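See structure below.
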Amino acid sequence: MAGKKRLTRQELMKLCTWTTMLGRCPYTRITLIKDGLRCLSPYCKLHCCKKIENNAPCAHPRINNRGYCHQHLLCTGITNDQRCMNYIKNHDPKAFKFCSQLHNCIQQDCDAERTQMNNVDLRYCPDHRCSVAECASPRAPNGSPNCESHTCASPACLATCPGAAGDPHDPSRFCERHRVCASAGCRRFAYLRENGMPANFCGAHFCRWEGAGGCDEGRAAASADGMCAGHVCVEPGCLKAKEHRTP
């Protein structure tokens, strides 16, 4: 009975280098192509990692049918000064670099790293996250750099607003230019002071005190001179303003 044919050195060099206790893989090494560059992998199509880096094929075998080795399936993000051990989103290093659990922006189809600020996960990357510091909401779909709560609620205005409340009629939902009166139920625009800064209230409800840059409180209902309770004369029965007031 004839013995098994012994392969030449040249023939062995063409074979996959994957080896187990049962012997060496009998399949031929595969050539990978990236941007026109041809790289001969150490492995066959069943065992090669498809990643090409620095014009060279990966030297590690794939670990499953995803087509990549363990190293190239790992997220490239950093957690506690250590490389993240989660697998890349969709197990696809060609499309993503980060895991979906901790590091990849949660915006659909985005491959960028999400923002971490003061150890707080803000979930979105800078291009998809509200630009207001520490806000974790996505940008509004109308082209605003901020989320809906931090975008002025005035039609067609994309300016930033405080956004302290979700109610679109709350005064905090408007920018300085479109700020409305903070008095309950009033929809008038806020009074614009001489320095160009809007008051918290409209002309009918703002405190007319002019000292120290003006007052942000609403005027008292019984005030004879349009002052808030804190700037009405302290003399019992007198409802006029203290010394300083607008004409």
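The relative contact order of the range 49-167 comes to 10 percent, based on Cα pairs under 8 Å that sit 6 or more residues apart. Remark: spin-label model distance K5-A136 equals 6.4 nm, labels positioned 7 Å along the Cα→Cβ axis.
Approximating the spin labels as points 7 Å out from Cα along Cα→Cβ, the E210-to-A229 distance works out to 2.7 nm. Put in line by how crowded their Cβ is, counting other Cβ atoms within 10 Å and starting with the fewest, R173, R139 read R139, R173.
Highest mean first, the peptides 180-187, 202-209 sorted by other C-beta atoms within 10 Å per residue fall in the order 202-209, 180-187.
The GluC sites (Glu not before Pro) of the range 87-191 meeting both criteria, a DSSP state outside H, G, I, E and B (loop) and at most 16 other C-beta atoms within 10 angstrom of the site's C-beta, are E134, E176.
Only one of (1) 7, 18, 16, 14, 12, 10, 8, 6, 5, 3, 1, 0, 0; (2) 7, 29, 32, 20, 10, 3, 0; (3) 7, 32, 39, 19, 3, 0 was calculated from the structure for P(r) over Cα pairs in 10 Å bins from 0, in percent, and its label is (1). Full extension of the chain between F189 and Q108 yields a length gain of 25.3 nm, computed as 0.36 nm times the residue separation minus the alpha carbon distance.
Our estimate of slack between N90 and L158, defined as 0.36 nm per intervening residue step minus the Cα-Cα distance, is 21.0 nm. Using Cβ point charges alone (K and R +1, D and E -1), the dipole size of the chain about the Cα centre works out to roughly 2320 debye. Only the Cβ atoms of Lys and Arg (+1) and of Asp and Glu (-1) were treated as charged; on that basis the dipole of the range 190-247 about its Cα centre amounts to roughly 100 debye.
Bear in mind these aren't lab numbers, they're just calculated from the coordinates by the rules spelled out. These numbers were taken from a predicted model, which means no experiment stands behind them. Note that each Cβ is placed from the backbone with ideal geometry, even for glycine, and that neighbours are counted across all protein chains shown.
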